[in-house]
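Reviewing the structure listed below.
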Amino acid sequence: MHIPDGYLSPTTSFTLYTVCTPFLMKASREAKKKLDSKTIPLISLFSALSFLIMMFNVPLPGGTTGHAVGTVISSIILGPWIGMLTTTVALIIQALFFGDGGILTLGANIFNMAIVMALAGYAIFRFLAGWKKETGWKIVSAAVAGYIAINLAALLAAVELGIQPIIFRSITGQPLYFPYGLTVSIPAMMLGHLTLAGLAEAFVTGLTLSWIYRTNPSLITPDKKVAKSGRFFPLAIVIIFLLILLTPLGLLTPGTAWGEWSRQQLSELGLGYIPAGFDRWTGLWSAPFSGYNFSVLGNSFLGYLFSGFLGVFIVVSVVYLLFKVFKLKNK
Amino acid sequence: MSFIEKNLENITGAIQNSVFSETIAKKDGFLQRLDPRTKIVCFILFLLAVNLSVNLYFIISVYIFLLIFAGISKISLKFFITRVWLFLPFFTGIIALPAIFNFFTPGKPLLTLINNPQQHFFIAVTQNGLLTALFLLTRVATSVSLGILLVLTTPWIRLLKALDRLHAPQILIIMTMMTYRYIFVLLETVNSMFLARKSRMVGRFTQWENRHLVSSALGTLFGKTQVLSEEIYQAMLSRGYRNKIYILSDFSLTILDFWSIVATTAIIFGLFLIWRTQ
């Protein structure tokens with residue numbers, strides 16, 4: 001997933017560098033608060049370990065091997081901010097001295113593999129692990145968190161690559177950087193990560209955590225404050241926000257979601273008839289923003305984003321009102 | 001090959017690689033004589049120019065200049081070229097290949113492979129497609145070569161010190177320095193762990209046992225790393241560490257550095273003007 005130089009335009013690269021800065025600043029503040037003068041030796045040593053994890057070949061079913069990134073296991077053991085920093089330093093060394101990933105694209109790689117993986121992986125782990133107290137369940141949660149987090153990172157990398165030919169073309173029309181659009185980059189990237197790399201990350205995260213629980217449980221930082229789910233509220237908002245930003249991707253897929261046809265599309269499907277019940281009910285409700293389109297905005301991309309925000313807002317308000325009405329207390 | 005051997009090979013490869021870089025960095029060549037700060041500035045100028053350029057000839061010309069720089073810095077050209085072009089076709093080459101055909105990049109057909117008008121089946125290499133693939137390949141190759149040139153001619157510690165003098169965030173530089181140093185300590189540890197396991201193995205391991213082996217090695221490493229970092233911290237304290245680190249350096253700019261930056265700018269603008277009309 002290490003994007004080399006030449007695949008992304010400098011504009012994209014600098015945008016992602018800028019996006020990384022506040023996260024890394026927050027992370028180093030958190031690290032200093034937690035570790036004080038131990039910050040430098042501890043993070044350096046664990047960065048060295050993070051570098052090693054990325055080098056390990058993990059045996060996978062079918063006799064192949066894959067590489068894990070290891071951000072999620074570091075985040076579970078050391079906390080998401082320190083986990084983020086250790087992967088960042090390891091990525092810097094890989095780019096500078098080993099030519100793994102580019103210098104201009106370093107910001108993109110840090111964003112995908114350090115920042116997003118640490119925050120998302122840790123949040124998913126905490127969310128799942130909070131359900132049951134058994135160690136076995138925690139290990140499964142860790143593996144699932146690793147699997148989802150690496151795929152999220154791969155998806156982001158695919159999006160960063162896939163937008164290149166949309167934005168950057170020469171006067172004669174040929175793509176200047178990564179040549180394939182999102183319809184190619186996303187399936188191509190996800191195929192490898194949903195299978196090999198995802199499994200490698202899941203194995204490394206789950207099995208390593210299980211080994212540490214059995215042999216050295218004191219290693220895992222007990223963080224009492226974290227146990228409260230309330231602390232993940234801001235994180236949940238960030239993730240929802242990211243997902244909303246990704247909604248326009250839906251525009252790229254041709255056709256309608258299976259089973260969500262309108263009356264006209266149904267007749268075009270070649271079914272030969274329109275189900276009678278469909279005809280009866282279909283005129284009952286006409287949505288105010290049919291097809292997520294806001295003619296006022298005149299741009300389907302913006303319309304999608306706006307629909308996303310509006311949808312989330314409506315859902316949140318309804319749930320809030322229900323809680324108020326039934327006087328449920330959020331413990 | 002078993003995965004233990006694969007891991008052992010990876011580990012020794014990384015060590016060999018860095019030792020080899022250091023031997024080239026110690027040679028008395030042109031780039032080795034430059035101040036590392038100058039090299040970083042020129043490196044960034046070239047990298048930006050190559051990545052911003054919309055002209056294929058410009059990128060190829062920069063690559064030719066890099067070959068000249070490698071030559072006068074006593075880097076074997078054969079090594080410099082193969083190091084990039086040996087692995088590039090396997091990664092970027094495979095990615096770039098489909099782009100030459102008309103179904104990914106439509107355009108004027110240069111070479112028609114299949115033409116079956118009855119079934120609307122038409123496969124051809126297009127001019128635009130070829131250009132697209134060449135753009136990606138040359139851009140990546142030139143960027144990677146630039147990085148290799150910088151790292152091969154500069155010892156890592158001087159490179160990081162130079163970044164510090166250029167006002168990169170100091171905490172990041174210090175952590176990178178320390179990490180780089182201890183990567184090799186941990187590599188040694190892992191190497192002995194795998195070797196010890198291998199020397200005790202008689203039968204074959206199942207996939208599941210192999211995975212357990214990797215994860216228990218990692219779990220143990222987490223523990224060892226924790227202990228080691230504590231020891232290093234104690235050692236730092238006993239030597240008077242008070243939360244502040246000073247990076248010493250003995251850099252001095254010479255007239256050569258001045259002319260190098262002038263030459264870099266001249267090369268970039270010169271090439272830009274030459275290929276502007278293309």
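Highest mean first, what order results for A:106-117, B:198-209 on Cβ atoms within 10 Å?
In descending order of packing, they fall as A:106-117, B:198-209.
Post the alpha-carbon centroid distance, the range B:1-34 to the range B:185-215, in whole angstrom.
After rounding, the separation between the Cα centres reads 23 Å.
Going by average Cβ neighbours within 10 Å, how do the peptides A:139-148, A:159-168 rank, with the highest at the top?
The densest-packed peptide leads the list: A:139-148, A:159-168.
Below 8 Å, C-alpha to C-alpha, sequence gap of six or more: please give me the relative contact order for chain B in percent.
Result for chain B is 27 percent.
Per-residue mean of other chain beta-carbon atoms within 10 angstrom of the beta-carbon, peptide A:94-105?
5
At 15 angstrom or more along the helix axis (alpha-carbon based) and mean Kyte-Doolittle of 1.0 or higher, what helices does chain B contain? Whole DSSP H runs only.
Going by DSSP H runs, the hits are B:36-52, B:56-72, B:127-152, B:255-275.
Quote the convex hull volume per residue of chain B, based on C-alpha atoms, as a whole number of Å³.
With only Cα atoms used, chain B gives 205 Å³ per residue.
Give me the one-decimal nm value for the distance between modelled label points at residue A:30 and residue B:201, 7 Å along each residue's Cα-to-Cβ direction.
3.8 nm
In whole Å, what three semi-axes, largest first, describe the equivalent ellipsoid of the range B:1-123 built from its Cα gyration tensor (square root of 5 times each eigenvalue)?
39, 25, 12
For residue B:9 and residue B:241, what does the FRET efficiency come to when R0 = 35 Å and r is the distance between their Cβ atoms, rounded to the nearest 0.05?
0.40
Hey, what did the range A:10-223 get for relative contact order, percent, Cα under 8 Å, at least 6 apart?
23 percent
Can you pull the one-decimal nm distance between simple spin-label points at residue B:67 and residue B:209, each 7 Å off the Cα toward Cβ?
Spacing of the two 7 Å Cα→Cβ label points: 5.3 nm.
Once the Cα gyration tensor of the range A:10-223 is diagonalised, what are the square roots of 5 times its eigenvalues, in whole Å and ordered largest first, as equivalent ellipsoid semi-axes?
Semi-axis lengths for the range A:10-223 are 30, 21, 15 Å.
Give the residue from B:187, B:90, B:235 lying farthest towards the positive end of the charge dipole for chain B; charges sit on Cβ (+1 for Lys and Arg, -1 for Asp and Glu) and the dipole is referred to the Cα centre.
Result: B:235.
Given a Förster distance of 60 angstrom, what is the FRET efficiency for residue A:194 paired with residue B:259, based on the Cβ-Cβ distance and rounded to 0.05?
Efficiency computed from Cβ-Cβ geometry: 0.65.
Could you work out how far apart the two model spin labels at residue A:21 and residue A:171 are, taking each label as a point 7 Å from the Cα in the direction of the beta carbon, and quote it in nm?
3.4 nm
Which entries of B:27/B:161; A:26/A:132; B:26/B:74; A:138/B:198 have Cα-Cα distances beyond 22 Å here?
From B:27/B:161; A:26/A:132; B:26/B:74; A:138/B:198, over 22 Å: A:26/A:132; A:138/B:198.
When the Cα centres of the range B:218-253 and the range B:59-80 are compared, how far apart do they sit, in Å?
38 Å
Can you tell me the dipole magnitude for the range A:10-223 around its Cα centre, using point charges on the Cβ only (Lys, Arg +1; Asp, Glu -1), in Debye to the nearest 20?
Taking the Cα centre of the range A:10-223 as origin, the dipole is about 500 debye.
Set the Förster radius R0 to 45 Å, insert the Cβ-Cβ distance between residue B:20 and residue A:317 as r into 1/(1 + (r/R0)^6), and round the FRET efficiency to 0.05.
0.10
Since every read-out is calculated from the coordinates, none of them should be taken as a lab result. Just so it is clear, the structure is predicted and the values come from calculations on it, not from any experiment. Backbone-built Cβ (ideal geometry, glycine too); neighbour counts: all protein chains shown.
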